[in-house]
1. What aspartates and glutamates sit close enough to Lys202 to cross-link, taking a C-alpha to C-alpha distance under 17 Å and skipping anything fewer than 8 places away on the same chain?
2. According to a simple spin-label model (label point 7 Å from Cα along Cα-to-Cβ), what is the distance in nm between Ala129 and Phe185?
3. Give a residue-ordered list of calculated ³J(HN,Hα) values for the range 116-127 (Karplus: 6.51 cos²θ - 1.76 cosθ + 1.60, θ = phi - 60°; whole Hz; x for Gly, Pro).
4. About its Cα centre, what dipole magnitude does the chain give when the only charges are +1 on Lys and Arg Cβ and -1 on Asp and Glu Cβ, stated in debye to the nearest 20?
5. Using mean Cβ contacts within 10 Å as the protection proxy, how do 47-53, 35-41 order, highest first?
6. Going by alpha carbons, how many degrees (0 to 90, nearest 10) lie between the helix axis of 96-114 and the longest principal axis of the chain?
7. Using a cut-off of 14 Å between beta-carbons, work out the net charge of the residues near Lys121 (Lys and Arg +1, Asp and Glu -1, Lys121 not included).
8. Determine ³J(HN,Hα), in whole Hz, for all residues of the range 79-87 in sequence, where each value follows from phi through the Karplus function 6.51 cos²θ - 1.76 cosθ + 1.60 and θ = phi - 60°; x replaces Gly and Pro.
Amino acid sequence: MNAFGLNIIITLQNNIFSALFVGQNLLTLKEVDSTNSYLKNLLSNSKPLPEGTVIMADSQYAGRGQQQNKWHSEPGKNLTFSLLLKPSFLSVLDQFDLTRAVSLGVVDALKPLLGDEVKIKWPNDIYYADKKLGGMLMENIVQGGNIKNSVIGIGLNVNQESFPVEAANAVSVKQILQRDYDLRFLLSEICQHIEAYYLNLKAGKIDFVRKTYLNRLYWLNEKKRFKAQGDVFEGTITGVRQNGLLVIERGGEEIEYDFKQIEFLNKSYTT
């Protein structure tokens, strides 16, 4: 048992991780309420943690997505982990660039495995065709107008074969490939790709990250059905603003939408 009353399986410097720092400090837990909560507790209660620290859990019993949505994950079947980054070079006004970089890292790790149908559903869900493969929750700690610490929780469906009714739109790597996939290897790949995009941000290659994010975006330049303020309409995603607002062309006019102001009608829907 550790100080939080949780069973720790192993803590290690894992040499299968080819990234320079992301994932090199890895802590694996048997069960935890939320890896984000655990990592935030470590930040506030211990000596400074190295950037790139990853907390991975076999089971989360209170995993969270955006806007307090619950994340459903069968123990030992999927990737549920949190990552610590320290992007003090990034203004809080540009914090969506971190969302872009992390989302791209996950998608680019999956593309060699699953192909071009892997996309980012704005703002940071991971989709395969019209099914949800994963998602993330980013919690930033701001100091002096810049981001001091960012705790990034990522959930990815890997080897789970069935999902509860409320997660009917979910899909897993195993359902796509019809075989199990090694969790630790996939985590290593994701860490490596996240680090690459993060270092591009740090080097000032912001336009590259923004353009690549747009190119990986689900439904980009496709006429699709959406719902906003109870109104169902057809529109076309044309871009994402610097601050992360989604731009949809609707009736000849470009309209910006914030998080949770717009619903993608990518499931069967009746008016």
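The numbers here are math on the coordinates, done by the rules we state, and not lab data. For clarity, every value in this text was computed on a predicted model and none was experimentally measured. Because the Cβ atoms are built from the backbone with ideal geometry, glycine has one as well, and the counts that use them run over all protein chains shown.
1. Filter leaves Glu51, Asp94, Asp97.
2. Computed distance between label sites Phe185 and Ala129 equals 2.4 nm.
3. Calculated HN-Hα couplings, in order: 7, 6, 7, 9, 9, 8, 3, x, 8, 7, 9, 10 Hz.
4. The calculated dipole for the chain is roughly 240 debye.
5. Highest to lowest by the protection proxy: 35-41, 47-53.
6. Tilt of helix 96-114: around 90 degrees.
7. +3
8. My calculation for the range 79-87 gives 8, 10, 8, 10, 10, 9, 10, 10, x Hz in order.
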